[in-house]
Amino acid sequence: MVGDSELEQAVAILRAGGLVAFPTETVYGLGADASNAAAVRKIFEVKGRPPTHPVIVHLADAVQAANWAREVPEGARRLAGKFWPGPLTIILKRAESVSDVVTGGQDTIALRVPAHPVAQQLLARFGGGIAAPSANRHGRVSATTADHVRREFGAAVGCVLDGGEARIGIESAIVDLSGGAPVLLRPGWITVAEIERTLGVRLAAPDAGAPRAPGTLAAHYAPRTPLTVVEGDLLVELAMTLVRQGRKVAALALGEARPLLAGVTWAGAPRDAAGYAHALYASLRRLDDAGCDTILVERPPRAPEWAAINDRLARAAAGTSAPEAT
Ligand code: TXA
Ligand code: MG
């Protein structure tokens, strides 16, 4: 794992305005000192992220939320009490002192207390907030291992803390408590029902006309290879049709990989939602690297614990163009 001297070095880099990639329980983050606008700007440069996309500020504990938000409403206290440290991001009205670079010029701030022990140690030693989007190039698949991060950024990110495979594997749920009714901006591993039970009110769906979280726009989390989600009973047939048309096909099937079909690179995905989420981005990266013309993904179940997975697959498909199956 990560030793004392490595953590000290990472803290020194953050204090000097540099970037540090670090593990969280959801996905790896690409961090900078959130109180240093020039440092946060570097994240946008390295990721190729448009400046209007705000970043989440990671904190060591919920007490620090008061330094970044101008008010912490009762609902935020409840969610923080129940789910922090953990895979939940809460949007609040921002404090005066927060830089526009962090918030993308919005009047709100995204806050999260991550649970990964390396993230916790880094934050505790650093003392301040660490602004960090997912450690991937803009619009691409998030990184769930240190190796993914290194391959994504190469020499552009010198310090990558290796905390092993991210346990959850998909990004945090985002709840907006900055306005009237609480809004779910991005589904995550924590289900809507759990959040609603804790808040005691129903969550509203995001207002389609005014997307507050740019990263939740349709095209996101995409591999380079065109990706299509396919009903299970059509998967083998479509794969074979495409192969017959001369296409190289990669396929992510539920359960064990399918029987050998020449021209198809198969990967198997766990049948339980936790296992599926944990493995999803690594599988997509592997299939993306296989040099195929298309990735077919067998459609997972529609049950609530699969909601965040289905959301990410839909965005991955929207971020690429569908195969012209004829
Ligand atoms: O699990 C996660 O949340 C990971 C780890 C590293 O913490 N982080 C992550 O960050 O997924 P990122 O930047 O890839 O996605 C954060 C999303 C983006 O869609 C961003 O637009 C949105 O949060 N966001 C950030 N600040 C916001 C704000 N003030 N209002 C609305 N949306 C905001
Ligand atoms: Mg991201």
inquiry  = Regarding region 132-153, can at least one residue be identified that is farther than 23 Å from Pro50 by Cβ, aromatic (Phe, Trp, Tyr) and assigned by TED's automatic domain parsing to the domain that holds Leu59?
reply    = no
request  = Report, by residue number, each residue of region 24-66 that is farther than 25 Å from Glu194 by Cα, more than 11 Å from ligand 1 (Cβ to nearest atom) and either among the charged types (D, E, K, R) or not in a helix (DSSP H, G or I) (or both).
outcome  = Ala32, Asp33, Ala34, Ser35, Asn36, Arg41, Lys42, Glu45, Gly48, Pro51
inquiry  = Among the residues in region 245-256, are any assigned to a helix (DSSP H, G or I), touching a Lys or Arg at 6+ places or on another chain (Cβ under 9 Å) and buried (at least 18 other Cβ atoms within 10 Å of the Cβ)?
reply    = no
message = I need the full set of residues from region 99-132 which are closer than 18 Å to Gly17 by Cα and open to solvent by 10 Å² or more (accessible area, probe 1.4 Å), in order please.
response = Ser99, Asp100, Val101, Ala124, Arg125, Phe126, Gly127, Gly128
key: region 70-87, residues that are open to solvent by less than 30 Å² (accessible area, probe 1.4 Å) and out of contact with any helix residue (DSSP H, G or I) (no Cβ under 8 Å at 6 or more places or on another chain)   = Gly86, Pro87
task = Please determine, by comparing only the residues of region 302-326 that are surrounded by 14 or more Cβ atoms within 10 Å (Cβ to Cβ) and assigned to a loop (DSSP other than H, G, I, E, B), which one is modelled with the highest pLDDT.
result = Gly319
ask   = Out of region 257-273, which residues are over 15 Å from Pro223 (Cβ atoms) and without any contact (Cβ under 8 Å) to a residue 24 or more places away in the chain?
value = Ala257, Arg258, Pro259, Leu260, Ala262, Gly263, Trp266, Gly268, Pro270, Arg271, Asp272
request  = State whether the residues of region 8-18 include one that is outside any helix (DSSP H, G or I), in contact with a strand residue (DSSP E or B) (Cβ under 6 Å, 6 or more places away or on another chain) and more than 12 Å from Ala132 (Cβ to Cβ).
outcome  = no
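The values are calculated or read from the model by the stated rules, or taken from the named source; none is laboratory data. None of these values were measured; they are calculated from a predicted model. Please note: Cβ atoms are built from the backbone with ideal geometry, for glycine as well, and neighbour counts cover all protein chains shown. Side chains are part of the model used for accessible areas, which takes the heavy atoms of the whole protein and leaves out ligands, DNA and RNA. Shrake-Rupley method; radii C 1.70, N 1.55, O 1.52, S 1.80 Å.
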